[in-house]
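Written below as structure tokens is the structure these notes are about.
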Amino acid sequence: MAPSNPTPSSRIRLLSPNVVNKIAAGEVVDRPSSVLKELLENAIDAGARHIEVQLDGGGRKRICVADDGEGMDRDDALLAMERHATSKIRDINDIERINTLGFRGEALAAIASVSRFRLRTATNNEQPGTDISIFGGVMRDVREIGFPRGATFEVSNLFFNVPARRKFLRTAQTELAHCRHVFIVHALAHPDIGFTLHVDAKPMTGLAAGETLEQRLHALFGAALVRMLCPIALSTPTVRLQGFTGIPPESRRDRDHQFFFINGRPAGAPLIGYAVRESYHSLLPRGRHPPVILFIETDPERVDVNVHPQKREVRFRDPSQIRDAIQQAIGEALQSSAHRSGPGTTPVFSIQRKAGPPAQSTPSSQPVTTAPSPSTPELQLNYPARPRIPMAPDTQQPPSDVADITEPETTATVDPSASESSTSAAPWRHARVVGQVGGLFVLLETDDGLVIMDPHAAHERVLFDRYMRRVHAGHPDTQELLMPATVTLTPVDAAVLKPQLEGLRDLGFGIHEFGIDGVMIDAVPVGFEKMAPDEWIATLVADFKREGSGRRLPHGPREEIVARAACRAAVKAQQRLTAAAIEQLVDDLAGTDMPYTCPHGRPILIHLSFADLRHRFGR
């Protein structure tokens, strides 16, 4: 039904197209980085092999994105400037299977309505190109030009006609930081495409086309980040995961090095962050975050990308499958980085006693190690503090509907008896126990420097892994109480705790309902016998409230319970250890699933290289 003309007294009015475009621009474009994101997505969807970005004044003055994609003829270029004009979808059914980054057809019109906009494009070198100029949403000029295949979008004086929006822009340095983040994200998502970034007419970043993901990471972040990553690889009937995740000792206080891509689209979802946090639940302390570069490939029909105005978030049809797959993939990657072994080999993190001293290295090749004293047993240690990452993609072709992401390679373990010329990923091959200092830390001398071990944290990890293995086998270590204890709860706390009683019994708690809002405890896991029942019951209830309760014990509280028991039973500070006890502790640590950190995320080992020590002493 056609709308009637409003009467002079009517309060409801139709907005003009100019106002509508500016409102739409507020949803799509809020700062220069939003403009850059939309223009980069257009270039990628156009099949570009190289994209050049130029930023002036942090993008406030000028943003220029040039690509060598398929380009547009005159009619398509003019139509592209209209709202809701797109080549990506045709009907409502296409929205259910979106394979492109853009699809709504509103970005170019929105950008042109709040800037001085220019588009130059051509489909091939033989046909004339098209040059379109738009000022504040008003078409100013359309003419034919000579132009190579591709498209160049130039956006100047953003928000020049919307002063209220322009005054909310930050300094040029801040806006440039946001633009660089967008540039990095899209460069990571498409390592096969070459990217170039110029800032204020000066070259800043140049990335070659046809790189692997690891090569792109190296070019953007340097070798330091690459060395701390281990590869992720998991395929299920519904999802394929590829990428890299960081080893626990190299965590950060921020999430700046966490990047998630869903079917090639830089985006996120709350469940992805939750799955990553749960994967590191017993490996990192609160407030620390691992670097993660994760590619999630699944059927487009299982993902809704039309839930956010700027397409920053997606929604999965089967979120539990995605969450479980992420936790499994990261868990396997971390375990593989801690113990990389092949058929018939021993784990890389291993200790073996030798009859003689380690082989001496020449000063020109490696630091010289000091021969162990006769009274101190010598240990041989291989520890993968820096996992090896493949430099080339797998030779097998992935399915056509899956992005070409680097495949992990199998890393061979190094024979501890190999010669000095052996190429090991471990930073040292030989180590000996120097002793214990302050009744707290254990010192190990290696061929590459000095290792400081926290025996309490190491013992925590050993006990935690040992107990979890018994829990998974259905035989938890339990200590019966001489006298059963009863605890009365508030109605709210009782409602939270009682659904978890069966899961607690699986962990070794002898806990049963007692009355309406009470429980009776007649057995506890080893390590809990010295804690007051009301103390740990209150702690468990708080954990369940934070993680959420359900039919089964949540993953986080389950590990936290065992971690607390391990902490209570581990060796304490100022507790002197014999040389034999230290040897046994390091042996046991070698057999754990994650020797990097204790169950609460604190580091177990700190490595100081001879190079670092020489630098500190000014030598």
Look at segment 438-465 and say how many of its residues are among the basic types (Lys, Arg) and over 29 Å from the mean Cα position of the chain (by Cα). 0
Answer yes if at least one residue in segment 221-234 is basic (Lys, Arg), within 26 Å of residue 598 (Cβ to Cβ), modelled with pLDDT under 95 and touching a strand residue (DSSP E or B) at 6+ places or on another chain (Cβ under 8 Å), and no otherwise. no
Subset of segment 557-576, residues among the aliphatic types (A, V, I, L, M) and assigned to a helix (DSSP H, G or I), comes to 561, 562, 563, 565, 566, 569
Inspect all residues belonging to segment 172-179 and state whether any of them is polar (S, T, N, Q), out of contact with any Asp or Glu (no Cβ under 8 Å at 6 or more places or on another chain), outside any strand (DSSP E or B) and surrounded by fewer than 18 Cβ atoms within 10 Å (Cβ to Cβ). yes
Out of 183, 159, I need the residue that is at positive phi, among the hydrophobic types (A, V, I, L, M, F, W, C) and crowded, with 21+ Cβ neighbours inside 10 Å. Which one? 159
Would you check if there is a residue in segment 295-317 being at pLDDT 90 or above, under 15 Å from the mean Cα position of the chain (by Cα) and either under 26 Å from residue 107 (Cα atoms) or in the same structural domain as residue 237 (by TED's automatic domain parsing) (or both)? yes
Looking at residue 216, is it touching a residue at least 24 places away in the same chain (Cβ under 8 Å) and of a type in the set (D, E, K, R)? yes
A careful count of residues in segment 458-506 that are closer than 12 Å to residue 541 by Cβ, out of contact with any Gly (no Cβ under 8 Å at 6 or more places or on another chain) and touching a residue at least 40 places away in the same chain (Cβ under 8 Å) gives 5
Take the conditions under 28 Å from residue 72 (Cα atoms) and hydrophobic (A, V, I, L, M, F, W, C) and apply them to residue 158. Does it pass? yes
So which helices (runs of 4 or more DSSP H) stay within segment 431-508 end to end and still have 1 or more residues that are under 26 Å from residue 609 (Cβ atoms)? 455-472
Condition first: surrounded by 15 or more Cβ atoms within 10 Å (Cβ to Cβ) and either modelled with pLDDT under 85 or over 22 Å from residue 467 (Cβ atoms) (or both). Now tell me which residues in segment 486-498 satisfy that. 487, 489, 493, 494, 496, 498
Could you list all residues from segment 577-593 that are out of contact with any Lys or Arg (no Cβ under 9 Å at 6 or more places or on another chain), touching a residue at least 40 places away in the same chain (Cβ under 8 Å) and part of a helix (DSSP H, G or I)? 579, 582, 585, 586, 587, 590
Answer yes or no as to whether residue 197 is under 16 Å from residue 77 (Cβ atoms), assigned to a strand (DSSP E or B) and touching a Phe, Trp or Tyr at 6+ places or on another chain (Cβ under 7 Å). no
Could you list, in sequence order, all residues of segment 119-137 that are free of Cβ contacts under 8 Å to residues at least 12 places away in the same chain and under 22 Å from residue 16 (Cβ atoms)? none
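Quick grid of which residues meet (1) among the small types (Gly, Ala, Ser); (2) touching a Gly at 6+ places or on another chain (Cβ under 6 Å); (3) modelled with pLDDT of 85 or more; (4) not in a loop (DSSP other than H, G, I, E, B):
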position	(1), (2), (3), (4)
83	no, no, no, no
89	no, no, no, no
105	yes, no, no, no
111	no, no, yes, yes
119	no, no, yes, yes
133	yes, no, yes, yes
164	yes, no, no, yes
Report the residue count in segment 219-248 for those that are assigned to a strand (DSSP E or B) and in contact (Cβ under 8 Å) with a residue 12 or more places away in the chain. 14
Filtered residues of segment 254-274 (kept if farther than 17 Å from residue 182 by Cα and either small (Gly, Ala, Ser) or part of a strand (DSSP E or B) (or both)): 269, 273
Does residue 50 qualify as being at pLDDT 95 or above and assigned by TED's automatic domain parsing to the domain that holds residue 156? yes
Tally the residues that are crowded, with 17+ Cβ neighbours inside 10 Å and within 27 Å of the chain's Cα centre (by Cα), restricting the search to segment 567-601. 11
Of all residues in segment 200-212, how many are part of a loop (DSSP other than H, G, I, E, B) and not polar (S, T, N, Q)? 6
Residue that is surrounded by the fewest Cβ atoms within 10 Å (Cβ to Cβ), among those in segment 186-222 that are out of contact with any Gly (no Cβ under 7 Å at 6 or more places or on another chain) and among the polar types (S, T, N, Q): 205
Restricting segment 43-56 to residues that are surrounded by fewer than 24 Cβ atoms within 10 Å (Cβ to Cβ) and within 26 Å of the chain's Cα centre (by Cα), which is nearest to residue 176 (Cα to Cα)? 44
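The values are calculated or read from the model by the stated rules, or taken from the named source; none is laboratory data. Predicted model, so just to flag it, every value in this text is computed and none were measured. All Cβ positions, glycine included, derive from the backbone under ideal geometry; neighbour counts span all protein chains shown.
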